[in-house]
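Single-structure report; data block below.
Just so it is clear, none of the values below were taken in a lab; they were calculated from the coordinates. Keep in mind that what you see is a predicted model, and the values were worked out from it rather than measured. Using ideal geometry, Cβ is built from the backbone for each residue, glycine included, and neighbour counts are taken over all protein chains shown.
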Amino acid sequence: MSEDFADRTSLFGLQTDGSPVVDAAVLAGRFGLTPDLLLDHLRRGFVRSKVEIGTGDDAGTRRLSVRIGNRIWIAIVDEDGCVLSEEMQFSGMAPGGERG
């Protein structure tokens, strides 16, 4: 499930060092969780995340990957933190939804 946004409203803030900061309510919504449950998962170490900085043709973008359980939310954001695309993947699943 991949989605492009015509409305490029920033869902993310940037720290002073340029790192993206995702609002807990926004991220919780992507996983169908309440912000409190997301924060509980964070405290328990159940949330893994990674930020990759685009180079070459992807310069000026970042790929944010957040994993909770078997779900991985991936968003491509521009320099202003506006979402260019996002998708939810499921680990252990091959393309087309078949078990891999």
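Some notes on this structure:
- Projected label distance in nm at Asp36 and Ile53, using a 7 Å step from Cα toward the beta-carbon: 3.9 nm
- Pair-distance profile P(r), taking every C-alpha pair of segment 11-90, with 10 angstrom steps and integer %: 18, 52, 27, 3
- Ranked by the mean number of other Cβ atoms within 10 Å of their residues, highest first, the peptides 74-81, 23-30 come out as 74-81, 23-30.
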